[in-house]
């Protein structure tokens, strides 16, 4: 049996894990490695990618910066989250704000230390990334359209760091990046619809608050159509192996998404749509393996 003190430490650990969205960071790490193996450096030997110390440092720097970003976002959104996600917020509040801010500075420092192993340019890149995350959390996220756009850009930025490292300028890389950007943009706008109650209460000028639910749905539908178009382009114009299965599945889910979207009225409906998009993104990460299912055997 755990003592009361041990239980409190255990709960605080899970509270911090919840604040930094540890599960999201794990998905990003897996995505960065899979993208490196199959998309950014498809001709490199598997071992040279997996055991590349520079790549590891870039992944660690990304993870630390993203974790710090979640902390500062949680800090600024604590009141709004208490309205939109009361149960999660109560768990997050087991760790004091001072402790969270201390972790924030430590994680950002570690991100720069990891980046310094690669190059000075990597340090500058992550310093700007960290500043951009703070600026988004502090000011930009309350602005309609701008907040959504910046959030989507910040989400794909860690992959841009890997892209710069490998300097692979093939069109297929940009096509995958655009597809991910569109999916993330959809998720951000759907999240705004889901959290409209808290945004209204605290005067967050998001798209649904400023322009209304109908305009938000029209914009979301337009981005969904662009996402479907991008998926078709990836299927028919590029060599993506068996990953076409994922893109066909994604197209079907996008059509279901649009159908449910225009019937949605309550928060629970938008929560379902939000989770659907998260599922598509996670499935997309692991479906990268389908690009070449023999890669493990042929590239060792």
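The values are calculated or read from the model by the stated rules, or taken from the named source; none is laboratory data. The model shown is predicted, which means the values in this text are computed figures rather than measured ones. Glycine gets a Cβ as well: all are built from the backbone with ideal geometry, and neighbour counts include every protein chain shown.
Output yes when any residue across segment 283-291 is closer than 18 Å to residue 38 by Cβ and over 20 Å from the mean Cα position of the chain (by Cα), and no when none is.
yes
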Q: Could you check residue 96 against (1) modelled with pLDDT of 95 or more; (2) under 25 Å from residue 7 (Cα atoms) and say which number it fails?
A: (1)
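Given the options 165, 136, 129, 211, name the one that is at pLDDT 95 or above and out of contact with any strand residue (DSSP E or B) (no Cβ under 9 Å at 6 or more places or on another chain).
Values: 165 fails: at pLDDT 95 or above; 136 fails: at pLDDT 95 or above; 211 fails: at pLDDT 95 or above.
One residue alone meets the criteria, 129.
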Q: Read through the list (1) more than 29 Å from residue 268 (Cα to Cα); (2) in contact with a helix residue (DSSP H, G or I) (Cβ under 9 Å, 6 or more places away or on another chain); (3) modelled with pLDDT under 90, then give the number of the only condition that residue 171 fails.
A: (3)
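Pick from 191, 197: which is modelled with pLDDT under 95 and under 29 Å from residue 38 (Cβ atoms)? Working first, answer last.
On the way: 197 fails: under 29 Å from residue 38 (Cβ atoms).
Answer to the selection: 191.
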**Q.** Number of the exception - residue 210 against (1) touching a residue at least 60 places away in the same chain (Cβ under 8 Å); (2) touching a helix residue (DSSP H, G or I) at 6+ places or on another chain (Cβ under 9 Å); (3) farther than 23 Å from residue 39 by Cα
**A.** (2)
Q: Select from segment 202-211 the residues that are under 18 Å from residue 136 (Cβ atoms) and surrounded by 23 or more Cβ atoms within 10 Å (Cβ to Cβ) and list them in ascending order.
A: 206, 207
Q: Kindly indicate whether any position in segment 192-201 is closer than 19 Å to residue 147 by Cα, in contact (Cβ under 8 Å) with a residue 40 or more places away in the chain and surrounded by fewer than 15 Cβ atoms within 10 Å (Cβ to Cβ).
A: yes
(Q) Can you find, within segment 256-274, the residue that is nearest to residue 84 (Cα to Cα) among those that are in contact (Cβ under 8 Å) with a residue 24 or more places away in the chain and part of a helix (DSSP H, G or I)? (A) 267
Q: Those residues that are more than 23 Å from residue 220 (Cα to Cα) and in contact with a helix residue (DSSP H, G or I) (Cβ under 7 Å, 6 or more places away or on another chain), I need them from segment 234-259; list them, please.
A: 238, 240, 241, 242, 243, 244, 245
Q) residue 242 versus (1) crowded, with 16+ Cβ neighbours inside 10 Å; (2) over 22 Å from the mean Cα position of the chain (by Cα); (3) at pLDDT below 95; (4) under 25 Å from residue 30 (Cα atoms): which is the lone unmet condition? A) (1)
**Q.** From 137, 216, 151, 185, residue being crowded, with 20+ Cβ neighbours inside 10 Å, over 19 Å from the mean Cα position of the chain (by Cα) and closer than 27 Å to residue 69 by Cβ
**A.** 216
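Does residue 123 satisfy being assigned to a helix (DSSP H, G or I), without any contact (Cβ under 8 Å) to a residue 12 or more places away in the chain and crowded, with 16+ Cβ neighbours inside 10 Å?
Numbers: assigned to a helix (DSSP H, G or I): yes; without any contact (Cβ under 8 Å) to a residue 12 or more places away in the chain: yes; crowded, with 16+ Cβ neighbours inside 10 Å: yes.
Judged against the criteria, residue 123 is a match.
Select from segment 159-178 the residues that are touching a residue at least 40 places away in the same chain (Cβ under 8 Å) and either over 13 Å from the mean Cα position of the chain (by Cα) or not in a helix (DSSP H, G or I) (or both) and list them in ascending order. I'd like the intermediate steps shown before the answer.
Step one: list which residues in segment 159-178 are touching a residue at least 40 places away in the same chain (Cβ under 8 Å), which gives 159, 161-163, 165-166, 168, 171-173, 175-176, 178.
Correct list: 161, 162, 163, 165, 166, 168, 171, 172, 173, 175, 176, 178.
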